[in-house]
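Contents: one structure, followed by commentary.
Bear in mind that the values in this text are calculations on the coordinates, not laboratory data. Here the structure is a predicted model, which is why all the values come from computation and not from measurement. Methodologically, a virtual Cβ is constructed for each residue, glycine included, from the backbone with ideal geometry; neighbour enumeration extends over all protein chains shown.
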């Protein structure tokens with residue numbers, strides 16, 4: 001900082017100088033002499049371009065991180081929704097197979113999913129194993145169940 005020193009005799013002229021230049025009164029160094037500091041551009045209020053650029057870089061990094069996190073969780077939620085739909089369709093097909101156990105393979109109407117129903121006999125003559133597979137969007141959902149054969153089921 002530049003310091004200007006004036007005696008008390010020139011003090012009356014300082015008011016005009018202080019208005020023209022930005023001077024600030026500092027602590028007296030010697031008795032009878034007043035000291036004034038010239039304010040430079042660094043002392044003015046405001047932000048520099050570098051400070052604004054750093055703040056924008058930080059805000060940009062935070063925004064990118066938040067957007068990536070939101071997109072990741074949206075994809076996870078979508079995958080869970082698809083898997084849940086496939087599971088519910090598989091349960092519906094298993095329920096249909098309990099009433100009429102037949103092998104079948106087709107596209108489920110109104111969806112992008114395909115199904116395959118399989119009926120297998122087991123070591124026990126009175127029990128059938130029914131399976132259904134739902135495929136779609138690169139995923140597969142398998143459900144299987146053991147049921148009594150129709151003849152035995154109708155006799156009871």
Exercise. Tell me, 63, 119 in order of fewest to most beta-carbon neighbours within 10 Å?
Worked result: 63, 119
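Taking R0 as 35 Å, what's the FRET efficiency between residue 80 and residue 119 from their Cβ-Cβ distance, rounded to 0.05? Walk me through the numbers before you get to the answer.
Numbers: r = 30 Å, r/R0 = 0.87.
About 0.70, to the nearest 0.05.
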Exercise. Hey, fewest Cβ within 10 Å first, where do 131, 93, 149, 139 land in order?
Worked result: 139, 149, 131, 93
Exercise. Of 134, 94, how do they rank once you tally other Cβ atoms within 10 Å and put the fewest first?
Worked result: 94, 134
